[in-house]
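We did not get these values from a lab; they are worked out from the coordinates using the rules stated. Note that this is a predicted model, so its numbers are computed, not measured. All Cβ positions, even for glycine, are placed from backbone atoms using ideal geometry, and neighbour counts span all protein chains on display.
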Amino acid sequence: MKLQSKHGIRDGLPIVIGYFPIAMAFGILAKSGGLTIMETLGFSLFVYAGASQFIAVNMIILGSGVGEIVLATLLLNFRHFLMSASLAAKMDNIKGIAKPILGFGVTDEAFSVASFAEGTLSESYLSTLELFAYSSWVLGTGTGFMIGGILPEVLQRSMDIGLYAMFVAILVPELKKTSKALTLALLSGVVNSVFYYIFNWPQGWSIVIAIVLVSLIGVFIYGQESSDQEVASHE
Amino acid sequence: MSNITLIILGMFLVTYIPRLIPFYMVSGRPLPLKLKLFLEFIPYTALGALLIPGSFTAISGMPMVSVVGLGVAFGLSWKKGGLIAPVIGAITIISIILWLQ
């Protein structure tokens, strides 16, 4: 089945729910840090990078320099290079005009949802999914700045679990299908924790190295088996 | 240009370029089998690294509460599938726990 726009709306909804309260928190933080509404929206409209935006505003408040902030952002978001590559490899013949749009919308959440969606990825599916997520991020930012905390504090705090719950829910059906999913995800989590807690690497790097290292280990473990299948399927 | 505008511009470039380039490098090209496999495994390894250890500190200062929320998401997803129910379920349980405290 080829995935279409309507599936993009369906699959984008959990991201919309997850992003809105976090974006509101960003709007509130930026306002309290003395940013104008245009600057605050500018971050969400042009940077669109979750945790990096929070870190940047905190660094601005602390008086960090431009170079330092930009470098921290590069580090924290470099994993999206790997995610974009993985997504792009699944899609054939993307139109020239679609590439800059699809690339801009790649986030941890859009990537995770799209990667495990049942069916063939299409430009219309991915762009709809991404647009939904993006709109929620931008609207949430504006809402947070303008009206501050409209949600009860208990609910606002609880919603921090939302995107993690979504990641769990994306992974579970894969765990049922294949032992590969559990092995690779668990190993990657362990490697990430070791780099982060024991070696004290910045989180941006520890995630990138965990993804690269464990995916390579995966090729090493499962590579032979799939090239056998490849041969078998040609026989 | 103000400092903030400069920061936004710099951050725009360093977040956008890495997520854009692969769409030009990879898309529509025949790839060696090993590279294809490597890229196919990234969704699993990325989810693993995004979840562990970050998810245990989702609710700051309350790792056990975070784990309960993740457990609820896991259970709902295992029984019913879909994304919305696990997300809403985890948020609801944690709201109740935090409200009771």
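As a test of understanding, state the convex hull volume per residue of chain B from its alpha carbons, in Å³.
On the way: hull volume 19.1 nm³, N = 101.
Spread over its residues, the Cα hull of chain B gives 189 Å³ apiece.
Can you give the mean number of other chain Cβ atoms that lie within 10 Å of the Cβ atoms in peptide B:24-36? Display every interim value, and only then the final one.
Numbers: counts 7, 5, 9, 14, 6, 3, 0, 2, 0, 5, 6, 3, 4.
Mean partner-chain Cβ count within 10 Å for B:24-36: 5.
Need one value for A:170-177: mean number of C-beta atoms belonging to other chains within 10 Å of its residues' C-beta atoms.
Average per residue, whole number: 5.
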query: Suppose every K and R has +1 on its Cβ and every D and E has -1 on its Cβ; what is the size of the dipole of the protein assembly as shown about the Cα centre, in Debye to the nearest 20?
result: 280
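What's the exposure ranking of A:Ser52, B:Ser2, going from fewest to most Cβ atoms within 10 Å?
On the way: A:Ser52 23, B:Ser2 9.
Going from least to most buried by this count: B:Ser2, A:Ser52.
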Pairwise centroid distance, computed over Cα atoms, of region A:12-64 with region A:142-180, Å: 17
query: What ranking of A:Met91, B:Met62 emerges when the number of other C-beta atoms within 10 Å of each C-beta is taken as an exposure proxy, fewest first?
result: B:Met62, A:Met91
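For the ranges A:180-188, A:147-155, what's the packing order if you count other beta-carbon atoms within 10 Å of each residue, average per peptide, and put the highest first? Each step should come with its number before you reach the end.
Working: A:180-188: 21.3, A:147-155: 13.0.
Descending mean neighbour count gives A:180-188, A:147-155.
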- request: Counting other beta carbons within 10 Å of each Cβ, put A:Val16, A:Val191 in order, fewest first.
  value: A:Val16, A:Val191
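Given Cα pairs under 8 Å that are at least 6 residues apart, what percent is the relative contact order of chain A? The partial results should precede the final answer.
Numbers: 219 pairs, mean separation 81.1, N = 235.
The value is 35 percent.
Residues of A:68-74, mean number of Cβ from any other protein chain within 10 Å of their own Cβ, rounded to a whole number?
Working: counts 1, 6, 10, 2, 2, 7, 7.
Mean shielding by partner chains, rounded to a whole number: 5.
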query: Is it possible to state the helix-based mean residue ellipticity at 222 nm for chain A, with each DSSP H run of 4+ residues giving -39500 (n - 2.57), the sum divided by total residues, to the nearest 500 deg cm²/dmol? What is it?
result: -25000 deg cm²/dmol
